[in-house]
Amino acid sequence: MTYETVKTFYTNKNIFLTGGSGFVGVSYIEKVLRSMPDVGNIFILLRPRKGQGIQERLDTMKNNSVFDVLRTSEGFDELLNKIKPVCGDISEENLGLSDEDFKMLCDNVNIVVHCAATLDFETDLKTAVIVNLMGTKSIVELSKKIKNLQCLLHVSSAYVNSNKNYAMEKIYDAPANYNDIINYTQTMDTEKLNSSAEKIMGDHINTYTFTKALAEHVVNDARNIIRTCIVRPSMIVAAWKEPVEGWTVSKNGPQGFIMGASKGVVRRLPVNKSLIYDYIPVDVVINTMIAGTWFSAQLPDSTPTVDGQTPIFHCTTSTCNPFRWNDISSILTTTLHNYPIRGAVWYPNIKFLPNLFMYWISSAIFHFIPAYILDFVTKISGGRPILVRLHKNVNRSLSKLAPFIFNEWKFDNARTLRLQEELSVDDQSVFYIDPTSLNWTPYFINLTLGVRKYLHKESDKTMKQALKKNFMLMLANTGVQLLVVTGIWYLSSFITGTPFLSNYWAALIVIIFGYVF
């Protein structure tokens with residue numbers, strides 16, 4: 001089959017996008033407008049919140065740093081005017097759309113991109129079902145009524161198959177009947193439903209992977225009625241190339257702990273450095289979404305599926321460019337010192353611990369003791385103490401995150417790599433989806449710089465001051481370490497009643513403990 005180019009395909013196409021205000025959503029909007037300015041309108045589902053109407057929320061979105069590159073181009077305002085807010089809510093019946101908006105979408109939309117989801121691994125089952133499963137079902141029902149729909153693109157997750165060590169780009173058997181789960185949600189008492197969650201979910205890790213797996217079956221069941229496509233990213237991290245190397249507004253995954261590490265408040269992490277961790281840059285995800293829609297929309301009417309299923313593309317690296325923390329752990333702390341932040345509260349130093357037991361011990365000493373001291377100082381100086389609460393929240397979440405921290409998954413992405421080959425030479429450079437050439441060391445240096453700029457909001461102008469502060473914090477950190485070692489050495493001598501020098505073993509134990517933990 002001869003394919004038209006991606007840019008040609010999207011010309012004058014109107015898109016309906018859910019989750020448009022999120023990390024993936026704003027990245028998708030920016031890429032489409034920047035690379036395909038001849039696209040039609042992008043209708044985004046927004047709900048009023050925090051005293052803001054949908055137009056105010058859209059105005060806030062337009063100030064997102066993702067648009068900084070686009071903002072310098074000609075016709076920027078005209079391009080942003082293609083973003084049209086639509087009032088609604090993914091968790092409500094018929095998406096909370098008015099009759100007028102529902103009809104408008106049915107009459108005008110050509111492509112539906114469904115990104116909205118609750119990503120909280122601690123969300124109760126009822127909430128996850130309402131948003132992730134019933135929300136997807138509402139999107140499918142709307143898509144069936146759109147007059148000129150060419151494709152429904154559903155953003156899922158590679159971890160829908162977290163109950164398998166190796167997953168292919170296909171839909172496996174459903175963990176439950178999604179209609180039954182929806183019926184339970186609508187008829188069962190909330191407390192009873194949530195208390196039965198583990199039994200209902202079976203071997204799924206949490207409510208997120210369970211409901212996202214069911215949502216895929218909702219999409220797949222519509223494959224012979226409408227064109228469908230599913231993209232499964234793994235852990236989505238900062239941009240590799242576009243719009244700027246290292247760009248991010250997400251605090252999930254490594255971006256979050258690097259943010260805490262650069263402040264000097266996160267100093268220990270439970271990580272098995274020898275395991276493969278599957279990270280995928282957000283720009284690769286966006287390009288796969290764009291190309292996947294293009295591919296699926298042009299499948300022949302006689303066979304609008306692949307192997308009898310909705311086409312599925314894994315946005316993953318575990319099988320084609322595996323990442324291990326062993327590869328970059330030695331340069332991470334160095335990078336934090338080379339590019340420190342002015343807002344650091346202590347000298348950055350990150351250590352990875354191979355199990356939760358070692359982490360709990362280390363966290364008590366290197367996280368909570370400093371946190372209580374700094375919170376006390378903050379409180380008496382009139383500030384708002386937050387560090388103890390922060391570390392308690394982190395530790396509480398670790399029991400939920402442990403399966404993701406200490407397990408290794410491999411996601412086959414052969415079909416996605418073949419999709420790259422289906423693109424024209426020009427499209428391959430614009431909509432790159434092959435991560436095999438990604439070099440993880442410079443990538444994580446750029447990610448760290450991105451965290452500094454976009455999450456800590458520190459410009460290059462603060463670097464000189466930050467380096468001076470980092471040097472002073474290094475001296476203070478060294479002084480505290482010497483004080484602790486000497487203090488315990490002296491205390492052991494006092495308790496045992498033996499000469500100070502003969503208790504060198506006490507100082508040695510402290511040093512070894514600090515090295516191990």
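The values are calculated or read from the model by the stated rules, or taken from the named source; none is laboratory data. Remember, it's a predicted structure, so these values are computed and weren't measured experimentally. Counting neighbours? That spans all protein chains shown, and the Cβs are built from the backbone with ideal geometry, glycine included. What goes into the accessible areas is simple: the full protein's heavy atoms, side chains included, and nothing from ligands, DNA or RNA. Shrake-Rupley method; radii C 1.70, N 1.55, O 1.52, S 1.80 Å.
Scanning segment 288-320 for residues that are part of a loop (DSSP other than H, G, I, E, B), open to solvent by less than 10 Å² (accessible area, probe 1.4 Å) and closer than 18 Å to ILE225 by Cβ yields THR310, PRO311.
Name the residues in segment 490-517 that are modelled with pLDDT of 85 or more and either among the aromatic types (Phe, Trp, Tyr) or touching a Gly at 6+ places or on another chain (Cβ under 6 Å) (or both), would you? Those that are modelled with pLDDT of 85 or more and either among the aromatic types (Phe, Trp, Tyr) or touching a Gly at 6+ places or on another chain (Cβ under 6 Å) (or both): none in segment 490-517. Residues considered: LYS468, LYS453, LYS464. Of these, the only one that is part of a helix (DSSP H, G or I), of a type in the set (Lys, Arg) and buried (at least 17 other Cβ atoms within 10 Å of the Cβ) is LYS453. Within segment 426-443, residues that are under 18 Å from PRO233 (Cα atoms) have Cβ atoms under 7 Å from residues that are open to solvent by 50 Å² or more (accessible area, probe 1.4 Å) and part of a helix (DSSP H, G or I) in these pairs: TRP440/ASP327, counting only partners at least 6 apart in sequence or on another chain.
For segment 383-425, the candidate set comprises residues that are assigned to a helix (DSSP H, G or I) and among the hydroxyl-bearing types (Ser, Thr, Tyr); within that set, the residue that is most open to solvent (accessible area, probe 1.4 Å) is SER399.
Counting only helices (runs of 4 or more DSSP H) that fall entirely inside segment 54-94 and contain at least 2 residues that are open to solvent by 70 Å² or more (accessible area, probe 1.4 Å), the qualifying elements are 54-62, 76-80.
Let's see how each residue does on (1) crowded, with 16+ Cβ neighbours inside 10 Å; (2) part of a helix (DSSP H, G or I); (3) of a type in the set (Asp, Glu):
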| residue | (1), (2), (3) |
| --- | --- |
| ILE171 | yes, no, no |
| ASN179 | no, yes, no |
| TYR184 | yes, yes, no |
| ASP203 | no, no, yes |
| ALA213 | yes, yes, no |
| ILE225 | no, no, no |
| VAL231 | yes, no, no |
| TRP247 | yes, no, no |
| LYS251 | no, no, no |
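Of all residues in segment 265-293, those that are touching a residue at least 12 places away in the same chain (Cβ under 8 Å) have Cβ atoms under 6 Å from Cβ atoms of residues that are assigned to a helix (DSSP H, G or I) and among the basic types (Lys, Arg), 6 or more apart or on another chain, in ILE286/LYS31. When each of THR123, THR60 is tested for being farther than 25 Å from LYS457 by Cα and of a type in the set (Ser, Thr, Tyr), the lone residue that passes is THR123. Could you tell me whether any residue of segment 99-118 is surrounded by fewer than 24 Cβ atoms within 10 Å (Cβ to Cβ), of a type outside the set (Val, Ile, Thr), in contact with a Lys or Arg (Cβ under 6 Å, 6 or more places away or on another chain) and assigned to a strand (DSSP E or B)? No, because not a single residue in segment 99-118 is surrounded by fewer than 24 Cβ atoms within 10 Å (Cβ to Cβ), of a type outside the set (Val, Ile, Thr), in contact with a Lys or Arg (Cβ under 6 Å, 6 or more places away or on another chain) and assigned to a strand (DSSP E or B). Within segment 22-46, the only residue that satisfies the criterion of being of a type in the set (S, T, N, Q) and either over 20 Å from VAL66 (Cβ atoms) or crowded, with 20+ Cβ neighbours inside 10 Å (or both) is SER27.
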